[in-house]
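J.: Attaching a single structure in structure tokens format; questions to follow.
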Amino acid sequence: MIKIGVLELQGNFESHHKILKKLGYDSVGVKNSNDLECLDGLVLPGGESTTMSLLIDSFNLRDSLLDFSKKKPILGTCAGLILMAKNIENESRVNPLGILDITVDRNAYGRQIMSKKEQINMKFNSKLVDFEVTLIRAPKIIEMGDEVQVLLDLDDSPIAIYNGMHMGLSFHPELNGVTLFHESLFRGSVNSNFQAPGNINAA
Amino acid sequence: MGKDQFNVKIGLAEMLKGGVIMDVTNVEEAKIAESAGACAVMALERIPSDIRKDGGIARMSDPKMIEEIQKTVSIPVMAKCRIGHFAEAQVLEALEVDFIDESEVLTPADEHNHVWKHDFKVPFVCGCRNLGEALRRIAEGAALIRTKGEAGSGNIVEAVRHMRTVMNDIAKLKSMSKEQLVAEAKNMGAPLDLVMQVSKTGKLPVPNFAAGGIATPADAALMMQLGAETVFVGSGIFKSEDPEARGKAVVEATTNYKYASKVLEASRGLKSAMKGLDMSEIPEGERLQERGW
């Protein structure tokens, strides 16, 4: 059975556990480095990146998370994506892990009043699928290294990316019960699922 | 305002789970709260214990002060409006605060009606003492519920009473038949559809946080174990001797509320907590929790 951890420092871990259980995986909470043993993958959930970044250091998790990222896939949503970034524009309060070669602009989509639901249409396994996702004070990906590929665009900005091992999403699939991103990453089938990067429009 | 918009509002509340929301009165305090690990701040001119001491009418804070805090921190910024004062709420929405607390800490503007919160794009949090009150606020559009506790008292007893009452009320609904639920909806003065929903799911339709009297890391751990999903700390941080250390300790204890050894670590060697008030020192009629219904 696939066993996936969800980092439980602060934020919305519950909805990720629900998605992982829906996929038939064993899902466990991660609060210290021992919890990372025997996992097949990890989710960095949404929440506040400042808080999570501070707690990663208070609880001495930084090195273990970096070691883990060399061996196993990590999925970051929203604040999780910010934590995985290499650089954060105009932001010194968060010390990111640098797992994804990207620069993000935190809360670039505005305050809570600008948060919204988006209808997504995209090709997945050569079939057209549509679903809703939620953006909440979402970060914008403004720069990417060469090995980073775009899985999904919204209004000409990437909102889902993959670097061959890890995935970062600026939205919350877990709030709308969307399982395909978790499934694709943790089954190791991202490249075959998303054959045509950029071949996607948001309605 | 559609169901979609309501779910987006609940979405931000979901992101605040497992954290600590701190009351701050100026930019310096906001910075301290953020670096202590707060997942949001509540910007207000006077913290509840000072409002209690000063007396007079407590109103919405000066927008300039809220704005300065918005510019200073990157975490969500909340602000309070008076109960029923929808014009103050409109001002806070125009200011683009991330959450509005329609709060009993301020002097109520309307003794009969709360704000119709579905009219707003900004999400609202409201206080409650029991499930009926929580469901009335949710029916009006609150995307987040917190216990009222007794703000500014530094005394956890009322927050415990309110959280236990909400949890007991929920447990009771779970075992009731449909016809009993109709009678219970009438008794608790809550809309039947929400009563039915709670009976089926066994939880509130929106996140459930604790507030009112939290002053120590163990207070936070207590409220989390009783079922709170996040804690608000008002006077407890900045009325203590070393706010930054205490703030950080409460954040760490909230993350690890199930692990006594971690709460122990967080509690050790903190300077004095706020002094606090016994409930007998607050005459009935002066208790903030009695405001609103």
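The values are calculated or read from the model by the stated rules, or taken from the named source; none is laboratory data. Worth saying up front: this structure is predicted, and the values here are computed from it rather than measured. No Cβ is skipped: glycine too gets one built from the backbone with ideal geometry, and neighbour counts run over all protein chains shown. Side chains included, ligands, DNA and RNA excluded: accessible areas come from the protein's heavy atoms. Shrake-Rupley method; radii C 1.70, N 1.55, O 1.52, S 1.80 Å.
J.: List every residue pair whose Cβ atoms lie under 6 Å apart, where the two residues are 6 or more positions apart in sequence or sit on different chains, the first residue falls within segment A:169-182 and is away from every other protein chain (no Cβ under 14 Å) and assigned to a helix (DSSP H, G or I), and the second residue, located anywhere, is surrounded by fewer than 24 Cβ atoms within 10 Å (Cβ to Cβ) and among the small types (Gly, Ala, Ser).
T.: Listed pairs, sorted by first residue: none to list.
J.: Let me ask another. Report the residue count in segment A:110-138 for those that are in contact with a Ser or Thr (Cβ under 8 Å, 6 or more places away or on another chain) and either among the small types (Gly, Ala, Ser) or free of Cβ contacts under 8 Å to residues at least 60 places away in the same chain (or both).
T.: Selection size over segment A:110-138: 7.
J.: Here is a follow-up. Name the single residue that is nearest to the other protein chains (Cβ to nearest Cβ) among those in segment A:97-132 being of a type in the set (S, T, N, Q) and not in a loop (DSSP other than H, G, I, E, B). Lay out the reasoning, then the answer.
T.: Of the residues in segment A:97-132, the ones of a type in the set (S, T, N, Q) are A:103, A:107, A:112, A:115, A:119, A:121, A:125-126.
Retained after the next criterion (residues that are not in a loop (DSSP other than H, G, I, E, B)): A:103, A:112, A:119, A:121.
Details: A:Thr103: 16, A:Gln112: 4, A:Gln119: 10, A:Asn121: 17 Å.
Selected residue: A:Gln112.
J.: For the condition at pLDDT 95 or above and farther than 19 Å from A:Gln10 by Cα, what is the one hit in B:Glu29, B:Glu34, B:Glu14?
T.: When all the criteria are applied, what remains is B:Glu29.
J.: In the list B:Val97, B:Val91, which residue meets the criterion of being β-branched (Val, Ile, Thr) and open to solvent by less than 10 Å² (accessible area, probe 1.4 Å)? Show your work before the answer.
T.: On the way: B:Val91 fails: open to solvent by less than 10 Å² (accessible area, probe 1.4 Å).
Checking each option against the conditions leaves just B:Val97.
J.: Residues in segment A:1-28 that are under 19 Å from A:Ala79 (Cβ atoms) and either part of a loop (DSSP other than H, G, I, E, B) or open to solvent by 30 Å² or more (accessible area, probe 1.4 Å) (or both): how many?
T.: 8
J.: Which numbered condition trips up A:Asp35, out of (1) touching a Phe, Trp or Tyr at 6+ places or on another chain (Cβ under 9 Å); (2) open to solvent by 20 Å² or more (accessible area, probe 1.4 Å); (3) closer than 22 Å to B:Val251 by Cα?
T.: Result: A:Asp35 fails condition (1) only.
J.: Hey, any hits in segment A:79-96 for a residue that's at positive phi, more than 14 Å from chain B (Cβ to nearest Cβ) and not small (Gly, Ala, Ser)?
T.: no
J.: From the list B:Glu68, B:Glu45, pick out the single residue that is under 18 Å from the mean Cα position of the chain (by Cα) and among the acidic types (Asp, Glu).
T.: Every option except B:Glu45 fails the conditions.
J.: When you go through B:Ala273, B:Ala228, B:Ala260 one by one, which is the residue that is crowded, with 24+ Cβ neighbours inside 10 Å and not polar (S, T, N, Q)?
T.: Unique residue meeting the criteria: B:Ala228.
J.: Between a residue in segment A:46-63 that is more than 7 Å from chain B (Cβ to nearest Cβ) and any residue that is crowded, with 17+ Cβ neighbours inside 10 Å and part of a helix (DSSP H, G or I), which pairs come within a Cβ distance under 7 Å, given they are 6 or more apart or on different chains?
T.: Listed by first residue and then by second, the contacts come to A:Ser49/A:Ala79; A:Ser49/A:Ile82; A:Ser49/A:Leu83; A:Met52/A:Ala79; A:Met52/A:Leu83; A:Ser53/A:Leu83; A:Ile56/A:Leu65; A:Arg62/A:Ile56.
J.: Out of all the residues in segment A:77-125, which are small (Gly, Ala, Ser) and under 16 Å from the mean Cα position of the chain (by Cα)? Working first, answer last.
T.: Just the residues of segment A:77-125 that are small (Gly, Ala, Ser), to begin with: A:79-80, A:85, A:92, A:98, A:108, A:110, A:115.
Answer for segment A:77-125, where residues must be small (Gly, Ala, Ser) and under 16 Å from the mean Cα position of the chain (by Cα): A:Ala79, A:Gly80, A:Ala85, A:Gly98.
J.: Quickly run through segment B:201-225 and pick out the residues that are under 15 Å from B:Leu131 (Cα atoms) and either among the charged types (D, E, K, R) or open to solvent by less than 20 Å² (accessible area, probe 1.4 Å) (or both).
T.: Selection gives B:Lys203, B:Leu204, B:Val206, B:Pro207, B:Asn208, B:Phe209, B:Ala210.
J.: Here's another thing I want to ask about it. Condition first: closer than 16 Å to A:Thr77 by Cα and either within 14 Å of another protein chain (Cβ to nearest Cβ) or not aliphatic (A, V, I, L, M) (or both). Now tell me which residues in segment A:135-156 satisfy that.
T.: A:Leu135, A:Ile136, A:Arg137, A:Ala138, A:Pro139, A:Lys140, A:Asp153
J.: With more than 14 Å from the chain's Cα centre (by Cα) and more than 30 Å from B:Phe120 (Cα to Cα) as the only criterion, which of A:Phe194, A:Phe131, A:Phe186 stands out?
T.: Every option except A:Phe194 fails the conditions.
J.: Looking at segment A:92-105 only, could you name the residues that are crowded, with 16+ Cβ neighbours inside 10 Å and out of contact with any strand residue (DSSP E or B) (no Cβ under 6 Å at 6 or more places or on another chain)?
T.: A:Arg93, A:Asn95, A:Leu97, A:Ile99
J.: Find the helices (runs of 4 or more DSSP H) located wholly in segment B:1-101 whose residues include 1 or more that are within 8 Å of chain A (Cβ to nearest Cβ) and in contact (Cβ under 8 Å) with a residue 60 or more places away in the chain, and list them.
T.: Because the criterion is at least 1 residues that are within 8 Å of chain A (Cβ to nearest Cβ) and in contact (Cβ under 8 Å) with a residue 60 or more places away in the chain, the helices (runs of 4 or more DSSP H) in segment B:1-101 that meet it are B:3-15, B:27-36.
J.: Moving to a separate point now. Looking at B:Val77, B:Val105, B:Val91, which one is over 17 Å from B:Thr25 (Cα atoms) and β-branched (Val, Ile, Thr)?
T.: None of the other options fit; the residue is B:Val91.
J.: Looking at segment B:129-160, which of its residues are on the phi > 0 side of the Ramachandran plot and more than 13 Å from the chain's Cα centre (by Cα)?
T.: Taking segment B:129-160 and keeping what is on the phi > 0 side of the Ramachandran plot, we get B:141, B:149, B:152, B:154.
Result: B:Gly141, B:Gly154.
J.: Among the listed residues B:Lys148, B:Lys178, which satisfies the condition of being in contact with a His (Cβ under 8 Å, 6 or more places away or on another chain) and at pLDDT 95 or above?
T.: B:Lys148
J.: Looking at segment B:171-184, which of its residues are open to solvent by less than 10 Å² (accessible area, probe 1.4 Å) and touching a Gly at 6+ places or on another chain (Cβ under 9 Å)?
T.: B:Leu173
J.: Further question on the same structure: Taking the stated definitions as given, is A:Leu75 surrounded by 22 or more Cβ atoms within 10 Å (Cβ to Cβ), touching a residue at least 40 places away in the same chain (Cβ under 8 Å) and not in a loop (DSSP other than H, G, I, E, B)?
T.: Yes.
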